[in-house]
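What follows is a short report on a single structure.
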Amino acid sequence: MIGITGHVVYLPRHRIEREKIAAAHGARPILGGERTAVGFDEDAVTLAVDAVQALGLSECRGIYFASTTAPYLERMSAALLATACDLSEEVTIADFAHSLRAGTTALRAALDRVVAGEQGPIVVVAADVREAPPESPEEQWFGDGAAAVAVGREKVLAEVKAWASVTDDLLDFVRRDKDERITSFASRFTVEGYRRSVGRAIARVLEMSGVGPSEITRVILPPVDPKLSARVAMELGFRAEQVQEMFLDRVGMIGCATPLFLLSAALEAARPGDRLLLVGYGSGADALLLDVTSEIESYVVRRPVAEQLRWGIRFPSYELFRKAREYFRHHDEGPILSNIFYEKEEVRTIRLRGMECGECGLRQFPPAAICQGCRSRKSLREVRLGRRGEVFTYTVDWLTASPMPPTVLAVVDVEGGGRLYLQMTDVEPSEVRIGMPVRLTLRRLGAGGGLYHYYWKCQPEEGNNGRKS
Amino acid sequence: MGESLKDKVAIIGIGCTKFGELHDRSLQELIVEAAYAAYEDAGIEPERVEAAWLGTFSPGFGGGKASVTLADALRLYGKPITRVENYCATGTDAFRNACLAVAAGVYDVVLVVGAEKLRDRPVRGLQREGTHPYLEAGSTPPGLFALAAVRYFHRFGGDRRTLAKVAVKNHRHGALNPKAHFQMEVTEEQVVNAPLIAYPFGLYDCCPTTDGAAAVVICRASLARQFRTDPVYVKGIGLAVETGWPFFDPTFEYIGFPATVAAAAEAYRMAGIRHPAREISVAEVHDCFTWTEISNYEDLGFCRKGEGRYFIEEGRSALTGDLPVNPSGGLKSFGHPIGASGVRMLTEIVLQLRGQAGARQVKNAELGLVHNLGGPGAVACVVVLGR
């Protein structure tokens with residue numbers, strides 16, 4: 001059996017109400033509610049790392065990364081992901097890009113590989129931080145986020161029965177190599193194109209598997225228009241109760257991560273025997289038919305969507321929302337580091353290795369030659385450090401240079417031993433206390449010398465300390 | 001265990017510039033003023049100096065980080081000069097190295113200068129140099145000490161009001177000192193209500209960034225009375241270096257600084273001090289932040305760990321207390337030009353021991369202590385001086 005063996009969503013903690021965006025432009029919101037939005041230290045890769053970590057796999061044979069907004073145009077994002085997840089050099093990696101369909105295209109590629117004999121799991125992770133022009137409707141109804149699924153043969157939660165695609169070079173959203181923001185051609189014409197491509201892809205996959213629309217428990221459609229999406233689903237022949245909720249009022253359209261996000265949400269609620277129809281759209285469409293197995297009953301989602309929706313903190317203003325999105329476009333004054341330094345640092349900083357002493361047992365960071373506890377010189381071995389922990393002590397520092405002061409700095413004791421000194425992100429300073437549980441999250445620390453600099457920060461665990469909104 | 005430094009070296013001359021925002025003066029001018037004041041106080045001509053040590057953290061432009069900053073300022077050429085940099089213990093460590101050379105009998109008369117021009121730098125606060133681009137990203141001097149203050153409060157209690165008492169005391173002392181950066185008193189309310197810098201530290205919990213220079217002339221103890229009738233003798237010196245990354249040490253308790261404890265133990269051993277709180281008459285300790293002074297009381301053995309807050313609350317460290325701490329106003333009020341501070345603190349204790357400290361004179365000062373603490377509490381130097 002081949003199919004989905006794990007799934008998770010990662011939504012950035014920051015949100016902004018559409019009222020606030022509209023008001024900044026003297027306009028009315030095109031849609032109610034709020035959207036998810038990245039903090040200044042996040043990008044598509046950091047969101048993807050958070051998603052892959054939340055997946056909690058003990059084994060991973062490959063990473064397929066999908067995004068239309070990868071931070072590097074030349075340098076494989078999946079390689080950075082594999083490093084951050086401390087995977088071996090033997091994993092198969094690939095980047096998928098340039099289309100809102102990239103998420104389902106990557107999923108198809110992973111399925112193809114498993115069909116070809118790969119044991120799996122292969123992680124397919126999609127993340128997007130799309131930039132729409134200020135004042136455009138897209139600025140309001142887009143969101144940011146990531147979702148990941150594992151594809152393999154063991155403990156399959158949802159067997160993929162069939163998949164099909166159609167190609168259509170329709171112009172809806174485009175961005176040239178020289179553009180920072182998308183150009184939207186969205187109109188009733190593009191909605192028509194969506195209906196056409198999606199309709200054909202669905203028809204093909206249903207025909208291949210001999211299943212009728214009424215036999216689908218849940219059809220998972222990426223939203224095409226903030227207002228028309230629900231109606232388009234009906235026009236495709238589905239009843240309202242079959243259509244997967246799209247979370248437009250709480251999240252928004254999160255680019256090529258949308259299909260996997262909605263699939264994960266559907267799987268959270270799914271029961272054995274449910275039949276899901278997953279659709280990806282962009283320059284054509286992908287459709288996949290999945291049958292939920294009994295494994296779903298024992299599967300634990302590490303970061304349920306509902307909890308992440310409650311976990312949000314709101315940008316106090318539109319200006320800060322925009323500043324967070326644009327900060328690193330204008331700031332490149334970080335350290336200029338050699339690639340030789342980067343190579344040396346990679347193991348300890350991005351892979352986050354520490355040492356453990358065979359004599360006294362002390363776990364310590366960063367890697368060193370002599371034990372900090374017992375001074376033994378021969379007994380240290382390299383270990384992976386835990387990525388969750390507890391605040392030992394902290395400060396809220398207004399002197400730290402930051403686009404959004406103050407900066408919370410914390411000394412964190414990590415699970416399994418070892419102590420780290422980390423900036424805390426996605427946090428309201430009043431939340432912080434000694435003993436607070438935190439999770440490590442890879443973030444952009446700065447930019448300079450042609451590189452974005454990534455290192456770990458920590459964030460509050462949702463559910464424990466998050467302000468209930 | 002080697003020999004003690006006790007009574008082998010004497011301070012025969014001291015000099016100190018006004019501390020503050022000396023916008024119209026250069027580092028070189030400050031060095032010259034401090035050194036020539038020390039020569040005059042010692043009653044020597046510059047030619048008498050056989051070797052010199054310069055303590056600076058950031059010598060600015062010209063001369064880079066070498067010893068030529070001192071040589072060119074004083075036109076002191078053809079002699080051995082060493083520049084010392086050891087975080088905030090720079091000044092006292094420069095002094096310590098000079099003492100070792102004199103005690104070894106290599107030189108008779110040497111000069112120690114600490115000088116710093118922090119206000120000439122383009123950044124707010126004290127920029128940390130040479131830090132790791134990832135592992136220490138975002139750390140600031142107040143932020144590093146705040147980590148300990150937060151943990152200390154968690155363990156022993158206390159709050160911003162506790163800290164404010166240190167600021168009030170040191171400002172009161174500084175108001176008596178014409179050379180201090182700030183000569184103004186502050187109220188507890190002012191301190192508590194000041195803007196936060198790094199929780200729990202507000203503006204008045206932090207020492208300022210200051211310009212200044214100080215110098216001492218030292219000689220072999222056996223020669224001291226050739227120069228003056230009231231030399232001050234070095235009774236003991238200790239320097240201790242702990243990890244520069246305490247935040248990675250899983251065993252670090254963050255309630256005080258083992259570097260100070262170790263440096264004090266060494267200095268006390270040399271000086272033969274067993275009960276510091278009873279034997280020491282006056283102390284200049286490293287109050288870079290208000291909480292640091294509270295921790296210093298404990299780490300220097302003036303009281304037990306966790307009881308430092310009572311030491312300040314009960315007024316024991318005030319000028320009128322039984323162990324006055326920072327009669328000069330401390331780093332808090334006198335200012336903290338990194339490399340200059342340790343040497344400046346030595347000049348204050350010398351004044352106290354000579355009975356020349358004016359309005360801030362501690363009665364019957366017999367034994368005085370100087371303490372510096374550098375980096376994130378990583379480097380500590382303790383000097384004990386006596387008559």
Original post:
Tally time: how many residues in segment A:76-105 are in a loop (DSSP other than H, G, I, E, B) and either buried (at least 23 other Cβ atoms within 10 Å of the Cβ) or in contact with a strand residue (DSSP E or B) (Cβ under 9 Å, 6 or more places away or on another chain) (or both)?
Top reply: 8
**OP:** Considering every residue within segment B:24-36, establish whether at least one is out of contact with any helix residue (DSSP H, G or I) (no Cβ under 8 Å at 6 or more places or on another chain), in a loop (DSSP other than H, G, I, E, B) and more than 24 Å from B:Ala180 (Cα to Cα).
**Re:** no
Original post:
Within segment A:249-271, restricting attention to residues that are under 17 Å from the mean Cα position of the chain (by Cα) and part of a loop (DSSP other than H, G, I, E, B), which residue is surrounded by the fewest Cβ atoms within 10 Å (Cβ to Cβ)?
Top reply: A:Arg250
Original post:
Here is a list of conditions, (1) in a loop (DSSP other than H, G, I, E, B); (2) touching a strand residue (DSSP E or B) at 6+ places or on another chain (Cβ under 7 Å); (3) surrounded by fewer than 21 Cβ atoms within 10 Å (Cβ to Cβ), and B:Thr82 meets all of them except one; can you say which number that is?
Top reply: (1)
**OP:** Exactly one condition in (1) within 12 Å of chain B (Cβ to nearest Cβ); (2) touching a Phe, Trp or Tyr at 6+ places or on another chain (Cβ under 8 Å) is not met by A:Ile336; state its number.
**Re:** (2)
**OP:** Could you list, in sequence order, all residues of segment A:123-140 that are over 16 Å from the mean Cα position of the chain (by Cα) and either outside the structural domain of A:Arg325 (by TED's automatic domain parsing) or surrounded by 24 or more Cβ atoms within 10 Å (Cβ to Cβ) (or both)?
**Re:** A:Glu139, A:Gln140
Original post:
Considering segment A:341-382 alone, what residues qualify as being of a type in the set (A, V, I, L, M), surrounded by fewer than 19 Cβ atoms within 10 Å (Cβ to Cβ) and not assigned by TED's automatic domain parsing to the domain that holds A:Leu445?
Top reply: A:Ala368, A:Ala369, A:Ile370
Original post:
Looking at (1) more than 22 Å from B:Thr90 (Cβ to Cβ); (2) buried (at least 22 other Cβ atoms within 10 Å of the Cβ); (3) of a type in the set (Ser, Thr, Tyr), which is the only condition B:Thr320 fails?
Top reply: (2)
**OP:** Give the number of residues within segment B:121-163 that are more than 10 Å from chain A (Cβ to nearest Cβ), more than 22 Å from A:Phe365 (Cβ to Cβ) and touching a residue at least 12 places away in the same chain (Cβ under 8 Å).
**Re:** 10
Original post:
How many residues are free of Cβ contacts under 8 Å to residues at least 12 places away in the same chain and farther than 19 Å from B:Lys165 by Cβ when one looks only at segment B:276-309?
Top reply: 1
**OP:** Just give me the residues in segment A:384-438 being touching a Pro at 6+ places or on another chain (Cβ under 8 Å), more than 8 Å from every other protein chain (Cβ to nearest Cβ) and among the basic types (Lys, Arg), in sequence order.
**Re:** A:Arg388
Subject >> Qualifying residues in segment B:1-23 (those that are in a loop (DSSP other than H, G, I, E, B) and within 19 Å of the chain's Cα centre (by Cα)) - the one nearest to B:Lys332 (Cα to Cα) >> reply: B:Phe19
Original post:
In the set A:Ser214, A:Ser187, which member is at pLDDT below 95, within 15 Å of A:Trp141 (Cα to Cα) and surrounded by fewer than 14 Cβ atoms within 10 Å (Cβ to Cβ)?
Top reply: A:Ser187
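The values are calculated or read from the model by the stated rules, or taken from the named source; none is laboratory data. Fair warning: this is a prediction, and the values are worked out from it, not measured in the lab. Glycine also receives a Cβ, built like all others from the backbone with ideal geometry; neighbour counts cover every protein chain displayed.
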